[in-house]
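Accompanying notes for the structure given below.
The values are calculated or read from the model by the stated rules, or taken from the named source; none is laboratory data. For clarity, every value in this text was computed on a predicted model and none was experimentally measured. A quick note on method: Cβ atoms are made from the backbone with ideal geometry, for glycine too, and the neighbour counts reach across all protein chains shown. Keep in mind that these areas ignore ligands, DNA and RNA; they rest on the heavy atoms of the full protein, side chains included. Shrake-Rupley method; radii C 1.70, N 1.55, O 1.52, S 1.80 Å.
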Amino acid sequence: MSTFTSNRLRGITPYTPGEQPRTGIRIKLNTNENPYPPSVQTIRSLSPVPRPLEKYPDPNCSALRTAIAETYGLKTEQVFAGNGSDEVLAFAFMAFCDSIAAPDITYSFYPVWAKIYGIKYHTIPLNEDFTVPVKRFIATDKSVVLANPNAPTGIVLTAAEIELIVRTNPDKVVIIDEAYMDFDSGNNSAIPLIERYPNLLVVRTFSKSYSLAGLRVGYALGQEQLIRNLETVKNCVNSYTLGSLAQEGATAAIRDVGYFKRIIAKIIATRERTEHELYKLGFEVCPSAANFLFISHPEGHKFGAELTAYHASVLQSKLREAGVLVRYFDLPRIDNCLRVSIGAEDEMTRFTEILAALI
Ligand code: PMP
């Protein structure tokens, strides 16, 4: 902080994004990216550069919003597009929330947005097994944000549980962050509930399931009045949040349904195989509906400053030395856990071999 720091910024602890090293890492399993490239059609839509770059992009992202709307059987007016779902979520916090309830263990950007926008942030502890205590989110008198599947656990709530929360908080917006929902094999998305609940906002991203983390595109789905509010926030901050290339690439990606389905199926199969391998190595693994696994070893202990060889932080550094990046959060309740993104099939084979050698 300096003498120039605004009161608003004073005392804020910002979000720490996962590392993006460009050298030295052979297997990168720390930021839940898709290990496979975007589809050929998506790449083609970006080359040659599709639009005159000397002109501003379409501020309404009309073609992209229509493509997203058609994918889910919604109207274009029920879709908002932004620069990554982080931006969409930040706008939603600004647009709808005075106080907000969230689990204690969830996406760690939520408390940061709450803080910077002056929103009261109420945490509700997850159950012992890291499931969300649904009853505690009923009739909260606050806005609610839930990542579903949750991050970093990967555990999913059913659509019926989400509906219960949305139905019992009719005067508050319930934000369901479905960044990882495409990797769920059940039918747990809240999107089909949108037509019945004016207080439901579903937020999604192209960063994971569409292999476009580098393009920065996210979106929100909800009834028209919620979407209009998000547009108002956007036009109070930055009218052109999405560049022309991002709009073109994401439009092509969501239209290439065949490629999308193949990639998702591959990642789910790799997740299931890796989960099985990790069980065999003695790890506890949260049941995951996402493109990552949250794991811990029961022999990972901390005695004062002493850590056993199985402790998550020890394993993380040893994996790093071996050229493998995974994510570790030094936070209460999860300081013996690692979050491992699902990489390509051969990367996960190598990962489990290296891990086996370490323990
Ligand atoms: N929500 C959750 C739960 C996430 O893990 C992430 C990725 N860090 C995001 C939202 C943001 O993703 P993006 O901004 O790339 O769309």
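Name the residues in region 164-190 that are more than 16 Å from the ligand (Cβ to nearest atom) and either outside any helix (DSSP H, G or I) or open to solvent by less than 40 Å² (accessible area, probe 1.4 Å) (or both), would you?
Residues satisfying the conditions are Ile165, Val166, Thr168, Asn169, Pro170, Asp171, Lys172, Val173, Ser185, Gly186, Asn187.
The set of residues from region 6-32 being under 18 Å from Gln316 (Cβ atoms) and not in a strand (DSSP E or B) comprises Thr16, Pro17, Gly18, Glu19, Gln20, Pro21, Gly24, Ile25, Arg26, Asn30, Thr31, Asn32. In region 127-138, the count of residues that are open to solvent by less than 40 Å² (accessible area, probe 1.4 Å), within 11 Å of the ligand (Cβ to nearest atom) and within 20 Å of the chain's Cα centre (by Cα) is zero. For the structure I just gave you, tell me whether Glu178 is touching a helix residue (DSSP H, G or I) at 6+ places or on another chain (Cβ under 6 Å) and charged (D, E, K, R). No.
Hey, does region 75-91 have a residue that's within 16 Å of the ligand (Cβ to nearest atom), surrounded by 14 or more Cβ atoms within 10 Å (Cβ to Cβ) and farther than 21 Å from Cys236 by Cβ? Full working, then the answer.
Here is the first cut: in region 75-91, the residues within 16 Å of the ligand (Cβ to nearest atom) are 79-91.
Going one step further and asking which of them are surrounded by 14 or more Cβ atoms within 10 Å (Cβ to Cβ), we end up with 79-91.
Narrowing the set further to residues that are farther than 21 Å from Cys236 by Cβ leaves none.
The answer is no; no qualifying residue exists.
Where in region 74-131 are there strands (runs of 3 or more DSSP E), lying fully within it, with 1 or more residues that are in contact (Cβ under 8 Å) with a residue 24 or more places away in the chain? Walk me through how you get there before you give the answer.
On the way: elements: 79-82, 99-103, 120-124.
Qualifying strands (runs of 3 or more DSSP E): 79-82, 99-103.
Take the conditions (1) within 16 Å of the ligand (Cβ to nearest atom); (2) open to solvent by less than 10 Å² (accessible area, probe 1.4 Å); (3) β-branched (Val, Ile, Thr); Thr241 misses just one of them, which is (2). The residue of region 139-161 that is nearest to Leu338 (Cα to Cα), among those that are of a type outside the set (D, E, K, R) and open to solvent by 20 Å² or more (accessible area, probe 1.4 Å), is Ile155.
Residues in region 34-68 that are farther than 15 Å from Ala246 by Cβ, assigned to a helix (DSSP H, G or I) and touching a strand residue (DSSP E or B) at 6+ places or on another chain (Cβ under 9 Å): Thr66 only.
Just to be sure, is Pro17 without any contact (Cβ under 8 Å) to a residue 60 or more places away in the chain, open to solvent by 20 Å² or more (accessible area, probe 1.4 Å) and within 16 Å of the ligand (Cβ to nearest atom)? So Pro17 fits the description; yes.
Kindly establish whether Thr106 is hydroxyl-bearing (Ser, Thr, Tyr) and within 16 Å of the ligand (Cβ to nearest atom). Full working, then the answer.
Working: hydroxyl-bearing (Ser, Thr, Tyr): yes; within 16 Å of the ligand (Cβ to nearest atom): yes.
Yes, satisfied.
Specify which of the listed residues (Arg204, Arg216) is within 16 Å of the ligand (Cβ to nearest atom), open to solvent by 30 Å² or more (accessible area, probe 1.4 Å) and assigned by TED's automatic domain parsing to the domain that holds Asn150.
Arg216
On inspection, Thr31 qualifies as hydroxyl-bearing (Ser, Thr, Tyr) and within 16 Å of the ligand (Cβ to nearest atom).
Looking across region 300-328, just one residue is over 12 Å from Leu355 (Cβ atoms), in contact with a Phe, Trp or Tyr (Cβ under 9 Å, 6 or more places away or on another chain) and in contact (Cβ under 8 Å) with a residue 40 or more places away in the chain, and that is Arg327.
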